[in-house]
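First up is the structure itself, then whatever we jot down about it.
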Amino acid sequence: MDAPPRRNLLKSWLAALVAAILPARGYSASREIKSTGEPVTSHLVVGDPVIPPLDTTLLFARGETNNGPAITHEVLSLIQQENGTHSYPWTLYASLETHHEVGDGCVVCSRLHKYGPGWSAGLHSEVFAHNRAVTLGLNVETSNEYAGPLESTVVGVNIQAKGAYSSRYGIQIQDGGNHYDTAIALNGTGTTGVDVAGTYDLGLNMHHNPIRLEEGACIELDGKGLIKLRYHAGRIEFLNGEHCFGHLDVNGDDHAL
């Protein structure tokens with residue numbers, strides 16, 4: 001077969017070069033960036049806000065007095081729209097690798113000083129589910145990979161009450177135009193479902209709500225879990241370990257105990 005003409009050979013070289021430079025199939029080959037506004041520098045300040053002494057590489061700050069229409073005023077806005085069905089869109093990704101032994105490591109720090117009576121939140125998440133499967137307002141995944149001899153405490157969510165006066169709730173779940181079918185669900189396995197190790201005047205206040213156990217589940221009345229009360233096979237049983245030392249027949253006649 002005759003060798004291809006020089007023009008066809010040049011086309012084949014260019015095609016190979018373009019295939020090597022452009023993203024692989026499944027990604028958009030056209031990523032045009034439209035730029036408007038002023039050039040962005042490492043420190044961009046609007047107004048005269050109070051800026052704490054931060055050792056930061058990139059600083060955006062804004063200080064104003066807004067009394068006009070009730071609209072939001074942002075310092076930084078990140079907008080992402082993903083129309084593909086096979087994708088992992090992450091609007092904001094923050095990663096920290098640290099080996100410090102003195103100090104505090106924090107990937108994202110949110111600080112709010114509330115001086116007015118308006119509704120405020122240190123961290124606010126809004127989720128609108130328009131399709132099936134899982135939708136989470138906040139997802140926390142913990143992984144303890146330390147196998148050494150010292151104690152290693154990993155906590156999924158830590159809430160501390162600080163300041164001069166007491167706060168109302170550590171966690172509040174309330175109705176807001178709708179309700180949760182189950183306010184708190186513990187679907188894992190472990191040693192203790194809920195551990196109330198603090199000191200409270202009342203450990204659990206159910207108000208008008210009942211407490212329900214499955215048949216055979218026990219209420220333990222001592223610190224070792226030996227003295228127990230349970231319902232089993234039509235009887236309310238009192239146990240010392242596995243020994244039943246008394247029972248009440250729930251189908252028996254009504255009588256004073």
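Please treat every number below as a calculation from the coordinates, not as lab data. Keep in mind that this is a model prediction, so the values were computed, not measured. Every residue, glycine among them, receives a Cβ derived from its backbone with ideal geometry; neighbour counts consider all protein chains shown.
Quick notes
- With the helix formula -39500 (n - 2.57) applied to DSSP H stretches of n ≥ 4, the chain reaches a computed 222 nm mean residue ellipticity of -2000 deg cm²/dmol.
- Take the chain and mark each of the trypsin sites (Lys or Arg not before Pro) that is in a DSSP loop with at most 10 other Cβ atoms within 10 Å; the longest unmarked stretch, sites excluded, is 35-110.
- Put simply, the convex hull of the Cα atoms in the chain casts, on average, a shadow of 32.9 nm².
- Degrees between helix 6-21 axis and first principal axis of the chain (Cα, 0 to 90, nearest 10): 30
- Pairwise centroid distance, computed over Cα atoms, of the stretch 201-227 with the stretch 177-192, Å: 18
- Using distinct alpha-carbon pairs, which all enter the 1/r mean, Kirkwood radius of the stretch 109-183 in Å: 16.9
- Positive-end extreme of charge dipole, the stretch 17-165 - chosen from Pro39, Val134, Gly63 (charges on Cβ): Val134
- The translational diffusion coefficient of the stretch 211-257, from Stokes-Einstein at 10 °C and 1.306 mPa s with a Kirkwood hydrodynamic radius over alpha carbon pairs, comes to 140 µm²/s.
- With 0.36 nm allotted per residue and the present C-alpha distance subtracted, the Ala61-Val194 stretch has 43.6 nm of extension available.
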